[in-house]
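A short reminder: the numbers here are calculations on the coordinates, not readings from a lab. A quick note: this is a predicted structure, and the numbers were derived from the prediction, not measured. Please note: Cβ atoms are built from the backbone with ideal geometry, for glycine as well, and neighbour counts cover all protein chains shown.
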Amino acid sequence: MSAEPSPTLLTVGAITIDAARYTVHVDEEPIALTKTEFGILHALVTSEGRVLTRTQLIEQAIGDNTVVTERTIDVHVTSLRGKLGSAREMVETVRGVGYRLSISDCR
């Protein structure tokens, strides 16, 4: 029996996400993320380079039934960048709009 790639395994540049196991690796090293940080990163990776507004990130990462301000996302993104190490610059701020994951250098 041959192992097939998991549809829940996403790799962009140095970042690998296993959505089924809720794990993230950067340069093959595991990093510990909160549930919200994981949700933000997963949303950015699956957006394939498109900009996500803070509201979209709240809906996708936290849930639309949760009351938080858009600035809460900024705090989580700052924390996420700190944990991503060498891949931190892949999370780009689009001033006045939101965030995107830079995938241009990864293809």
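Some notes on this structure:
- About the Cα centre, charge dipole magnitude for the range 9-102 (Lys/Arg +1, Asp/Glu -1 at Cβ), debye: 220
- For the chain, the longest site-free run once GluC sites (Glu not before Pro) in DSSP loop states with at most 13 other Cβ atoms within 10 Å are removed: 49-107
- Relative packing of 40-46, 94-100, which averages over residues the other C-beta atoms within 10 Å, highest first: 40-46, 94-100
- The sum of -39500 (n - 2.57) across all DSSP H runs of n ≥ 4, divided by the residue count of the chain, sets its helix-only mean residue ellipticity at 222 nm to -8500 deg cm²/dmol.
- With coordinates expressed along the principal axes, the C-alpha atoms belonging to the chain extend over 48, 30, 22 Å, beginning with the largest.
- The long axis of helix 70-84 is offset from the longest Cα principal axis of the chain by roughly 30 degrees.
- Relative to the longest principal axis of the Cα atoms of the chain, the long axis of helix 35-46 lies at roughly 70 degrees.
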